[in-house]
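The structure appears right after this line, and notes come after that.
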Amino acid sequence: MKNALKNKTVVITGASSGIGEAMAKLYASMGARVVLGARSEEKLKTLAEQIKSEGGEAAYCATDVTKAEDCKRLIDTAVEAFGGIDVLICNAGISMRAIFDDVDLSVLHRLMDVNFWGTVYCSKYALPYLQASKGSLVGISSVAGLHGLPGRTGYSASKYAMTGFLETVRIENLKKGLHVMVACPGFTASNVRFSALVADGSQQGSTPREEGKMMTAEEVARIVARGIAKRKRLCLMEIEGRATHFVKKFAPAFLDKMFYLVMSREPDSPFK
Ligand code: NDP
């Protein structure tokens, strides 16, 4: 696992914060050449400089993943800087919190634009390079991409769409040596709940959960690296993910009730 990413070129979207930032730091420390994408250019610049000052290799490109041309520029940046791509991690994402009764439809469009279309655009432009390197295409989905999460219709839908897309790309490339992995973190301490969209499309600005009790982004980064090294199809992390995957097979209606119970207990839950 330690050497799995050594001398590999790894493109990471959403690298300015949370899980993406943790992956960038960890993978660079493992000897990967990391290429960072996100909208916050200053943060990417600072992170790339920090990685280089510690002896690592990094490039970055300001990228709004909802724009196909930005995604192309990110991939071009990687190829120009390092000559190819071994791993693409489609990690950029946003969440939401509102029940479907109340939510403005623009929120669902936005979730699909960032989480789903961002994955599609980056995958499209990186695919020839990943095929050439017999590399890894990774989507950071969620436990909400394994079972519908109440109050997060657009989020779950976008993560399920990512899975359908990535699974199909995997099968189309079955004879080309491409590895495709869907990773499903559970609740992880990050900025994602602060930036989550509420019913009217504004940002939540706070978190309804105890961030200190969650997995850390660094733990997720380590587990994803292991999944890439083992060329896993599905990368489950903590008990939430494993239990959801298992119980869904045998008792999906029970799982519905558990998800309802857990999410309705959040402070200010949009349903009770
Ligand atoms: P953060 O909010 O900390 O990071 C999200 C990242 O996505 C930021 O770097 C942000 O950068 C980037 N991003 C958002 N919108 C865009 C856009 N339009 N174009 C390019 N980049 C964008 O959250 P996490 O680190 O937690 O989230 C990373 C991934 O992990 C997401 O896909 C999320 O769904 C998934 N996940 C998170 C869980 C959690 O509990 N934290 C649980 C399960 C999955 P910028 O604003 O600079 O563009």
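Quick notes on this structure:
- Taking 0.36 nm per residue of separation and subtracting the current Cα-Cα distance, fully stretching the chain between Lys257 and Ala132 would add 40.4 nm.
- Given charges at beta-carbon only (K, R positive; D, E negative), |dipole| of segment 106-182 in Debye: 140 debye
- Simple label model, 7 Å out from Cα along Cβ direction - Asp76 to Glu266, nm: 3.9 nm
- The chain: angle of helix 153-172 to the longest principal axis, Cα-based, in degrees nearest 10: 40 degrees
- Partners for Lys43 among lysines (Cα-Cα distance below 30 Å; same-chain residues under 8 apart left out): Lys2, Lys6, Lys8, Lys25, Lys52, Lys67, Lys72, Lys124, Lys159, Lys213
- Pairwise FRET efficiency - Glu211 versus Thr168, Cβ, R0 = 30 Å, nearest 0.05: 0.30
- The listed peptides 84-91, 60-67, ordered by packing as a protection proxy, come out as 84-91, 60-67 (highest mean of other Cβ atoms within 10 Å first).
- Proximal charge balance of Lys176 [Cβ under 15 Å; K/R count +1, D/E count -1]: +2
- Between Asp104 and Glu49, the C-beta separation translates, for a Förster distance of 41 Å, into a calculated FRET efficiency of about 0.55.
- Charge dipole of the chain about the Cα centre (unit charges at C-beta), most positive-ward option of Gly212, Ser123, Ala15: Ser123
- Residues Ser29 and Arg233, FRET efficiency given R0 of 30 Å [Cβ-Cβ distance, rounded to 0.05]: 0.70
- For the chain, the longest principal axis of the C-alpha atoms and the axis of helix 68-82 are separated by about 40°.
- Sites count as exposed loop sites when they are GluC sites (Glu not before Pro), lie in a DSSP loop, and have at most 14 other Cβ atoms within 10 angstrom; the longest stretch of the chain without one is 55-209.
- Folded to 0 to 90 degrees: helix 18-29 orientation relative to the chain principal axis, Cα: 30 degrees
FYI, it's all coordinate maths here, none of it is from the lab. Predicted model, so just to flag it, every value in this text is computed and none were measured. Glycine also receives a Cβ, built like all others from the backbone with ideal geometry; neighbour counts cover every protein chain displayed.
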